[in-house]
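Heads up, the thing below is written out as structure tokens.
The values are calculated or read from the model by the stated rules, or taken from the named source; none is laboratory data. Bear in mind the structure is a predicted one, so any value in this text is a computation, not a measurement. Positions of Cβ are generated from backbone atoms using ideal geometry, with glycine treated the same way; all protein chains shown enter the neighbour counts. Surface areas here come from the heavy atoms of the whole protein model, side chains and all, with no ligands, DNA or RNA. Shrake-Rupley method; radii C 1.70, N 1.55, O 1.52, S 1.80 Å.
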Amino acid sequence: MRLYAIAINTFREAIRDRILYLILVFALIMIGAGRAISLLTVGSEEKIMKDMGLAAISLFGVATAIFVGVGLVFKEIEKRTIYVLIAKPIRRSEFILGKYLGLALVLFVNLSIMTLGFYTLLWYKGFLDVTLGKAIALIFVELLLITAVAIFFSSFSSPFLSSLFTVTCYLIGHLSWGLPLLAEKLASAPGRWICLALYRVLPNLEYLNVKGEVVHGVPVGGEEILLAAGYGLLYTAIVLMLAIAVFRRRDFV
């Protein structure tokens, strides 16, 4: 019940944030711009519209997860409401999980609106393709993971540093396939060790990226989607446990 109350309050607080609506409007504009861009470029109009739409949903979803996620804990500290909350019989794990679930609900609503706009445009052009839902489902799993990373960093650092660290994790997560190759080319032993450590510790977000496959009609099986989703959700659970462990050790005086 306390977890539910924190999650609902977080959801209500987040949807009052103007930046959320700004990001959503830009996302819908980008999805619509796929039609105009397809007229100005050489290539299949259908594939360009699908590619642009999925890229916009992913990019602006990540922007929402980072910009809203890094401020959730910090705002409570800045407004000093955290002192009131920790004085009540609320476990710190409930606080972190409630904040996380509230933002996850915001992301789900946000993603649903963007998907509705995207599908409406495709339906209007006669390009409606339900297999795109596989890519959108994995985008949502990726957003859940990025949100957990943002909350982890915000549990012990400022919003600016949390944003910087989360964006870095996101970029490395999509480029981690190159870390072993980079390690082979480095002459420095510490450099090789850092590359391999990052490769093993950070999540490989490319496992959650099937946008290219669904746009170009490459078959993507349900088992592959489930395995990728399980991989992302497992990482999410681990990062949330780390965030709770760090937040439990933090002193508020």
Report, by residue number, each residue of region 124-156 that is open to solvent by less than 10 Å² (accessible area, probe 1.4 Å) and either aliphatic (A, V, I, L, M) or outside any helix (DSSP H, G or I) (or both).
L132, A135, L138, I139, L143, L145, I146, A148, A150, I151, S155
Report, by residue number, each residue of region 199-208 that is open to solvent by less than 40 Å² (accessible area, probe 1.4 Å) and either basic (K, R) or in contact (Cβ under 8 Å) with a residue 40 or more places away in the chain (or both).
P203, L205, L208
Output the number of residues of region 129-147 satisfying the condition of being touching a residue at least 40 places away in the same chain (Cβ under 8 Å) and over 12 Å from V62 (Cα atoms).
8
When you go through S188, S176 one by one, which is the residue that is modelled with pLDDT under 85 and open to solvent by 40 Å² or more (accessible area, probe 1.4 Å)?
S188
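For (1) touching a residue at least 60 places away in the same chain (Cβ under 8 Å); (2) within 20 Å of S155 (Cα to Cα); (3) within 25 Å of the chain's Cα centre (by Cα); (4) not in a helix (DSSP H, G or I), each residue gets a yes or a no:
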residue	(1), (2), (3), (4)
A14	yes, yes, yes, no
I19	no, no, yes, no
F26	no, no, yes, no
E46	yes, no, no, no
M52	no, no, yes, no
F60	no, no, yes, no
I66	yes, yes, yes, no
V84	no, yes, no, no
S93	yes, yes, yes, no
Step by step: first the residues of region 210-237, then only those that are in a loop (DSSP other than H, G, I, E, B) and open to solvent by less than 40 Å² (accessible area, probe 1.4 Å), then the one that is modelled with the highest pLDDT. Which residue is that?
V210
Only one of (1) in a helix (DSSP H, G or I); (2) closer than 27 Å to F153 by Cα does not apply to P203, and that is (1)
Complete set of residues in region 38-62 that are more than 13 Å from G117 (Cβ to Cβ) and either among the aromatic types (F, W, Y) or at pLDDT below 75 (or both)
S38, L39, L40, T41, V42, G43
Any chance region 51-66 includes a residue that's out of contact with any His (no Cβ under 8 Å at 6 or more places or on another chain), open to solvent by less than 50 Å² (accessible area, probe 1.4 Å) and of a type in the set (D, E)?
no
Among the residues in region 67-74, are any open to solvent by 40 Å² or more (accessible area, probe 1.4 Å), out of contact with any His (no Cβ under 9 Å at 6 or more places or on another chain) and within 23 Å of N9 (Cβ to Cβ)?
yes
